[in-house]
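Peer 1: Pasting a structure here, questions to come.
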Amino acid sequence: MLRIKRSRLIIALIIFSVVFWFILYWNFTSIYAHHKYARLRPRLGVHDTLPNKGLESDDVQIYSEIYLENLGKVVTADDQRNYDAGYHTHAFNQMLSDKLSYIRPLPDFRNRRCKEIDYPQDLPSASIVICFFNEALSALLRTVHTVLERSPANLIHEIILVDDNSDMDYLKTELDTYLKSYPKVKLFHSEERLGLIRARMYGAKQATGQVLLFLDSHCEVTTGWLEPLLAAVKTDPHTVSVPVMDIINADSFFYEASDLVRGGFNWGMHYQWDPLPPDLTKKIFEKPEPYPSPTMAGGLFAIDRNYFHHLGEYDSGMEVWGGENLELSFRIWQCGGHLVIVPCSRVGHIFRKRRPYGAPVHDSFTRNTLRMVHVWLDEYKKYYFHINPRAEDIEFGNITGRVQLRKNLNCKSFKWYLENIYPEQLTKLPDLSQSLHAQAVDNNFRPSKVIIRARGLLKHVSSGLCVQSEKTVYDKRALVQLAMCKPGDKDQLWFESEQKDLRLANLLCLDVNQDEGLYARLMKCKGSNPQTWIWSGKDSNRQLMNYGTAECLAATGVEPGALLKTEKCSESPLMLFKLVIT
Ligand code: UD2
Ligand code: MN
């Protein structure tokens, strides 16, 4: 009897102490967070001309978490204005970026075996080339400072910044003054807008280091990033090395690890990330060595400077943005080089949901891609045109110089490239005998694999009409149109999936032809960027932004039958939609 009582007492004591410690811990952490927040709170409104270097280490995580949680509740009207203006100009949380230290400690996501590798003492030194157009000063300086801080000084020959004729004054006067204290950093202002491709060529011409290392202007490099990239180029100067690209969240600025992947593309000639086969993942885990990649994303890579020039730099006929990454990837492989991803080198990049800048050329992506397709794809270009019939009529300038370059370099065929470097792609050739719409229906995605977040009518706010499939197939595709709302009708029932696509009747995905920025249509679900739709704005004022075109879905009219397309996001009421949950 006494024994039972005693054991009960012990159990009660244990429960009590667990609860006690839990409450104490919980209180402590919330007091701690609260204290930090109270300390940081007054800084929210501060907007120095040059960003302060205030926040360090774990502040970053706590700060961004609390900030995001409380946004709209506790911030002042000024904060809100700053916050909105930052997003508008840069498509990321500039306000938060301005508050973060340039050199914040970042998690080390490298395989631990990377730290045991001894790199040669005599690695070549690098000219880091960073071009920018209207970049946020804090993001740009964070790129520069992390490079200076996290690279052995003898390996940084210089940092070349190319201002691609930005509009902002702070990128001229203030930046010039600031950089005076950093003799290795050389800033060039272009007198005309070159676009990122010619801006990189311009930067490369100024460089005198043995290796060129290109970075976007909103990156953070991490410890140990440089040596393995340079080592790969040193081992073989015809090897182009690419770091693993981690994700800096555009809203919270959290640094998130990416999986090990390879670069690929689809027949619309959009870049895509391909998962690694499991056996290769295992091999790299055991021995984190560079592995071949059919293509690269484009922004971050190291290349021997002489080889870059020998290989024909870039196609200077390409404008502003897009396509140059696949062009260079094909050129490297077809003309005898190697393209590798270096798992021990990790660089963070702010991935944003839209490009915040316009272009003097209407659709530089298609124009650039056409130049690439005509020079490198040989007979395989028919697949590109099958996917993009409209591209056939688009002007792409003179390519004789590039065709000649291919001859001079004695490059191999695209067939060789596919068979040897990207054989998986040969299994995904579009069926030329079928129209796109027929294929879309035939191969429709298995809905069971997809997690649905919401379902309902996709209502166009200003017309009060609903989005549905156009009944007639036009120009090989099923477009979507506005129609009187019919709740319960399968033809108007949209499913929003976890991967942010919009599926009509849980069958086909809302897709937009990125190359032309034209009409929204229904296609087989692929999880691709042109099928990724991000809601922005609040409640009934919401826009649907397309990840592929970085534009917003808009109705072409307010009457039944009006088609939908994507257009540059604006205040237009034609762009407001809501999902009326059913
Ligand atoms: C990706 C690449 C980018 C480029 C692009 C295709 C990564 C991390 N990024 O797009 O480097 O290959 O695909 O073309 O792989 N810029 C200029 N002038 C301009 C426009 C942009 O200097 O007219 C700068 C811009 O400030 C940035 C860089 O070029 O530093 C890349 O532009 P982005 O960040 O908008 O491209 P992103 O990352 O969407
Ligand atoms: Mn970028």
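Peer 1: Beyond a 31 Å Cα-Cα separation, which of these cross-linked pairs lie in this structure: Lys234/Lys412; Lys234/Lys500; Lys205/Lys407; Lys282/Lys526; Lys99/Lys172?
Peer 2: Lys234/Lys500
Peer 1: Kindly state, to the nearest 0.05, the FRET efficiency for Ser258 paired with Ser572, given R0 = 30 Å and r defined as their beta-carbon distance.
Peer 2: Working: r = 35 Å, r/R0 = 1.18.
My answer for the efficiency is 0.25.
Peer 1: Now for a different question. Hey, could you grab the Kirkwood Rh for region 123-351? Inverse mean 1/r over distinct alpha carbon pairs, Å, one decimal.
Peer 2: On the way: mean 1/r = 0.0562 Å⁻¹.
Mean inverse Cα-Cα distance, inverted, gives 17.8 Å.
Peer 1: Still on this structure, I have one more. Between Ile247 and Arg455, what is the label-point separation in nm under the 7 Å Cα-to-beta-carbon projection?
Peer 2: Label-label distance for Arg455 and Ile247, simple model: 2.7 nm.
Peer 1: So what are the ³J(HN,Hα) numbers for region 496-505, from phi and the Karplus equation (6.51, -1.76, 1.60; θ = phi - 60°), rounded to whole Hz, Gly and Pro as x?
Peer 2: 9, 8, 4, 7, 6, 10, 10, 10, 7, 6
Peer 1: In terms of the Cα gyration tensor, with a ≥ b ≥ c the square roots of its eigenvalues, is region 450-581 rounded because a/c is under 1.5, prolate because a/b exceeds b/c, or oblate? Don't skip to the end; give the middle numbers.
Peer 2: Numbers: a/c = 1.06, a/b = 1.02, b/c = 1.04.
It is rounded, given that a/c, with a ≥ b ≥ c, falls under 1.5.
Peer 1: Using the basic label-point model (7 angstrom from Cα toward the beta carbon), what is the Asp78 to Arg542 distance in nanometres?
Peer 2: Here the modelled spin labels are 3.3 nm apart.
Peer 1: Continuing with this model, one more query. Is region 315-357 rounded, prolate or oblate when judged by the Cα gyration tensor, a ≥ b ≥ c being the square roots of its eigenvalues, rounded requiring a/c under 1.5 and prolate requiring a/b larger than b/c? Walk me through the intermediate numbers first.
Peer 2: Details: a/c = 3.65, a/b = 1.13, b/c = 3.22.
Judged from the Cα gyration tensor, region 315-357 comes out oblate (a/c at least 1.5, b/c at or above a/b).
Peer 1: Keeping every protein chain in place, order Arg198, Arg8, Arg367 by accessible area at 1.4 Å, biggest value first, i.e. largest first.
Peer 2: Working: Arg198 65, Arg8 165, Arg367 40 Å².
Final ranking, largest accessible area leading: Arg8, Arg198, Arg367.
Peer 1: Please grab the % of Cα pairs in region 121-242 that end up more than 26 Å from each other. Mind showing how you got there, number by number?
Peer 2: Details: 1205 of 7381 pairs.
Percent of Cα pairs beyond 26 Å in region 121-242: 16.
Peer 1: Further question on the same structure: Go ahead and collect, in residue order, the members of region 386-429 whose backbone nitrogen is under 15 Å from a label point 7 Å along the Cα-Cβ direction of Ser316.
Peer 2: Correct set: 398-403, 405.
Peer 1: What distance in nm lies between label points placed 7 Å from Cα along the C-beta direction at Glu149 and Lys184?
Peer 2: Placing both labels 7 Å along Cα→Cβ, they lie 1.4 nm apart.
Peer 1: In Å², and per residue, what accessible area does region 163-274 have when probed at 1.4 Å with the other protein chains present? Show your work: numbers first, answer last.
Peer 2: Values: 4190 Å² over 112 residues.
Ligands and nucleic acids excluded, the result is 37 Å² per residue.
Peer 1: Kindly identify region 364-428 as rounded, prolate or oblate by the Cα gyration tensor criterion: order the square roots of the eigenvalues as a ≥ b ≥ c, call it rounded if a/c is under 1.5, otherwise compare a/b with b/c, prolate if a/b is larger, else oblate. Walk me through the intermediate numbers first.
Peer 2: Numbers: a/c = 2.62, a/b = 1.10, b/c = 2.37.
In terms of gyration-tensor shape, oblate.
Peer 1: Note down the relative contact order for region 450-581 as a percent, whole number, built from C-alpha pairs under 8 angstrom at least six residues apart. Numbers along the way, then the final one.
Peer 2: On the way: 354 pairs, mean separation 35.5, N = 132.
Result for region 450-581 is 27 percent.
The values are calculated or read from the model by the stated rules, or taken from the named source; none is laboratory data. Computed from a predicted structure; not experimentally measured. All Cβ positions, glycine included, derive from the backbone under ideal geometry; neighbour counts span all protein chains shown. Surface areas here come from the heavy atoms of the whole protein model, side chains and all, with no ligands, DNA or RNA. Shrake-Rupley method; radii C 1.70, N 1.55, O 1.52, S 1.80 Å.
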